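Below is one structure, written out as structure tokens, with a few remarks after it.
The values are calculated or read from the model by the stated rules, or taken from the named source; none is laboratory data. Model, not experiment: these values are computed from the prediction. All Cβ positions, even for glycine, are placed from backbone atoms using ideal geometry, and neighbour counts span all protein chains on display. Areas reflect the complete protein model, heavy atoms only, side chains present, ligands, DNA and RNA absent. Shrake-Rupley method; radii C 1.70, N 1.55, O 1.52, S 1.80 Å.
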Amino acid sequence: MKIEPLRWRGDALELLDQRRLPEQMVYLRCASAEAVAAAIRDMVVRGAPAIGCAAAFGVVLGRGAESAYEALAKSRPTAVNLFWALERMRGARDLEAEAIALLAEDIATNRAIGAHGAALIPEGARILTHCNAGALATAGYGTALGVVRAAHEAGRRISVIASETRPYLQGARLTTWELQQENIPATLITDGMAGHLMSRGEIDLVIVGADRIAANGDVANKIGTYTLAVLARRHELPFYVAAPVSTFDPNIPDGSLIPIEERHAEEVTGFRGARWAPPGIAVRNPAFDVTPAELVSAIVCEKGIVPRPDAAGLRALLRS
Ligand code: MRU
């Protein structure tokens, strides 16, 4: 089964409602820019490249009105793909054709990332990934999971350890589901178990996606990514980041300047109506963290692999 997170119908964008996975596969129909902006804000569609694609169709539905751009730009702050897509739409003559092209290019880009990245995955690798950087987070195929898919397609015997990704459970609900669809062996763990498995020699490498990569190679990704990068360094394991060029933000010199979204306290105090924390407790809920470039073994993008990323390496890549 092909996973299709976004479907363009000519007069509406249908989004696979990721809030209801894996129990239900239902599409939500968005017929206006405001409806698309709300769907991005409410996590119907999530993952940096998928958010960018959805926003492009939001502009189409809003007929390119300034109010449409404004509503979409306010939906989520961290993934730069959203702003990249809006910028690209501003320069387009035919909005619908541009959005359709952007969607198709994203899949091609992910396949290229997969083809480059598969070289980093040895036979038998036990791969830890965090959050969901798969087909669901993109137009299809995925970035970090695209690399996993490509290695699997190449016939390598690999297995994936998916961390659950508190508090929104993208790993537990989405990554596990995607891997099951493709019969790629997968094991679910809670976020706190990663260090233990590394210390026992049960993980060979870590690969994650990104929401924004600063000019110096610092990487913003789902909260908990930084912890995994520190653990990977402690255990001398490679820590890879897979992301398209549309996730690079050369205007931000380093990760400290990347805007980090804070989400509702309710995501931490409970889930889907269940509540486990006492009323009135103070809560922090940053949705992303920043992994310093020095902890990143390599960044894989559609143009190739940048080992030990830094400002010079990324500048050269973007010029190539
Ligand atoms: O809050 P989310 O689910 O949108 O966060 C998603 C991530 O952090 C992904 O790792 C990132 O967007 C890369 S997706 C290819």
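Side notes on the structure shown:
- Matching residues in region 266-288 - criterion: being open to solvent by less than 20 Å² (accessible area, probe 1.4 Å) and within 16 Å of the ligand (Cβ to nearest atom): Asn285, Ala287, Phe288
- Residue that is farther than 27 Å from Trp84 by Cβ, within 16 Å of the ligand (Cβ to nearest atom) and touching a Ser or Thr at 6+ places or on another chain (Cβ under 7 Å), where the choices are Ala144, Ala162, Ala220, Ala210: Ala162
- Those residues of region 110-141 which are near the ligand (Cβ under 9 Å from one of its atoms), among the small types (Gly, Ala, Ser) and in a helix (DSSP H, G or I), in sequence order: Ala137
- Residues satisfying the stated conditions in region 40-82, i.e. farther than 21 Å from Pro250 by Cβ and within 12 Å of the ligand (Cβ to nearest atom): Ile40, Arg41, Asp42, Met43, Val44, Val45, Arg46, Gly47, Ala50, Cys53, Ala54, Ser75
- When region 102-127 is filtered for residues that are closer than 16 Å to Ala50 by Cβ and aliphatic (A, V, I, L, M), the ones remaining, listed by number, are Leu102, Leu103, Ala104, Ile107, Ala108, Ile113.
- Residue check for Leu257: more than 27 Å from Arg19 (Cα to Cα) and touching a Gly at 6+ places or on another chain (Cβ under 6 Å): no
- Hey, Ile100 assigned by TED's automatic domain parsing to the domain that holds Ser199, more than 13 Å from the ligand (Cβ to nearest atom) and β-branched (Val, Ile, Thr) or not: no
- Against the conditions (1) modelled with pLDDT under 95; (2) of a type outside the set (Phe, Trp, Tyr); (3) within 12 Å of the ligand (Cβ to nearest atom), Glu182 satisfies every one except (3).
- Leu15 vs. criteria within 16 Å of the ligand (Cβ to nearest atom) and part of a strand (DSSP E or B): yes
- Each residue in region 168-205 was checked for being closer than 17 Å to Ala137 by Cβ and either exposed (fewer than 14 other Cβ atoms within 10 Å of the Cβ) or not charged (D, E, K, R) (or both), and 14 of them qualify.
- When residues of region 147-157 are limited to those that are open to solvent by 10 Å² or more (accessible area, probe 1.4 Å) and hydrophobic (A, V, I, L, M, F, W, C), the one nearest to the ligand (Cβ to nearest atom): Ala150
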